[in-house]
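K.L.:
Quick one: the structure is below, and I'll ask about it shortly.
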């Protein structure tokens, strides 16, 4: 099967999942969620990644037992999300010097990357919102990769926005609207994460090193 055939097959699957009712999603969760996670792992399309994140958040996350969120969703999807986000930061950084009002191709490329990054932040906000609204208290070991992954991404975003004036130099105005939007999404995600951490308690098997790393990241973010 060609890449075009794969892309079309994935598009059909995602449209099908998007059209399902709440009851359909609940009933088909055991087979549909692993398929979505597999598609997310193997996809090379940023657009597909965003669609899958949205479908998982909107359609299937409400039916996942909160005790298994880490194992069945977060640990499966967040490592790839971090790699994607870091790759986007790298693309922005390495192509920034080519940005100019005459180079429309680079303008479009960088703007698309920034829009995709903002959508990823929005998807992660959906994850945190789900946890906050479905649990009265949160045991960190059941979602342990979520806070640490989000802190990594927020930190990367804030640092990029802080350095944008020097990075894009006199061409900042070509991207300033999207950079401002990206910052707002990251700030919104940070506020939601702090709400989650306020609800959190440590279980008996929590990794103290992970907690220390999160505290360090919070301190770094506060200084950006």
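Every number here is computed from the coordinates shown, using simple stated rules; none is lab data. Values in this document were obtained by computation on a predicted structure and should not be read as measured data. Because the Cβ atoms are built from the backbone with ideal geometry, glycine has one as well, and the counts that use them run over all protein chains shown.
K.L.:
With r defined as the distance between the Cβ atoms of residue 27 and residue 91 and R0 fixed at 45 Å, what FRET efficiency is calculated, to the nearest 0.05? Provide the component values of the computation, followed by the final result.
P.N.:
On the way: r = 40 Å, r/R0 = 0.89.
For residue 27 and residue 91, the calculated efficiency is 0.65.
K.L.:
Now a separate question. Given an 8 Å cut-off on Cα distances and at least 6 residues of separation, report the relative contact order of the chain as a percent.
P.N.:
Values: 184 pairs, mean separation 52.6, N = 224.
Relative contact order of the chain: 23 percent.
K.L.:
Right, another one. Neighbouring Cβ atoms within 10 Å as the yardstick, rank 66, 130 fewest first. Walk me through the numbers before you get to the answer.
P.N.:
Details: 66 15, 130 18.
Ordered by Cβ neighbours within 10 Å, fewest first: 66, 130.
K.L.:
If I stretch the segment between residue 199 and residue 159 completely, what's the gain in nm (0.36 nm per residue apart, minus their alpha carbon distance), one decimal?
P.N.:
Working: separation 40, 0.36 × 40 = 14.40 nm, distance 2.71 nm.
The residue 199-residue 159 span can extend by a further 11.7 nm.
K.L.:
Go ahead and run the numbers for FRET between residue 100 and residue 184, Cβ-Cβ distance against an R0 of 30 Å, rounding to 0.05. Display every interim value, and only then the final one.
P.N.:
Numbers: r = 26 Å, r/R0 = 0.87.
In this case the efficiency is close to 0.70.
K.L.:
Here's another thing I want to ask about it. FRET efficiency for residue 11 and residue 173, Cβ-Cβ distance as r, R0 = 41 Å, nearest 0.05? Display every interim value, and only then the final one.
P.N.:
On the way: r = 36 Å, r/R0 = 0.87.
Computed FRET efficiency for residue 11 and residue 173 comes out at 0.70.
K.L.:
What span do the alpha-carbon atoms of region 64-160 cover on each of the three principal axes, reported in whole Å from largest to smallest?
P.N.:
53, 21, 19
K.L.:
Report the relative contact order of region 1-63, percent, no decimals, based on alpha-carbon pairs under 8 angstrom and at least 6 residues apart. Don't jump to the answer; show the numbers that get you there.
P.N.:
On the way: 25 pairs, mean separation 27.1, N = 63.
Once normalised by length, the contact order is 43 percent.
K.L.:
Using only the Cα atoms of region 1-63, build the gyration tensor, take square roots of its eigenvalues as a ≥ b ≥ c, and label the shape rounded, prolate or oblate: rounded if a/c is under 1.5, else prolate if a/b is larger than b/c, else oblate. Provide the component values of the computation, followed by the final result.
P.N.:
Numbers: a/c = 2.06, a/b = 1.79, b/c = 1.15.
Cα axes put region 1-63 in the prolate bin.
K.L.:
Shifting gears a bit: Please arrange 17, 183, 127 by counting, for each residue, the other beta carbons lying within 10 Å of its beta carbon, fewest first.
P.N.:
On the way: 17 23, 183 18, 127 27.
So the ranking, lowest neighbour count to highest, is 183, 17, 127.
K.L.:
What shape does the chain have by the C-alpha gyration tensor, where a ≥ b ≥ c are the square roots of the eigenvalues, rounded means a/c under 1.5, and otherwise prolate means a/b greater than b/c and oblate the rest? Please report the intermediate quantities before stating the final value.
P.N.:
Details: a/c = 2.26, a/b = 1.18, b/c = 1.91.
Oblate, since a/c reaches 1.5 and b/c is not below a/b.
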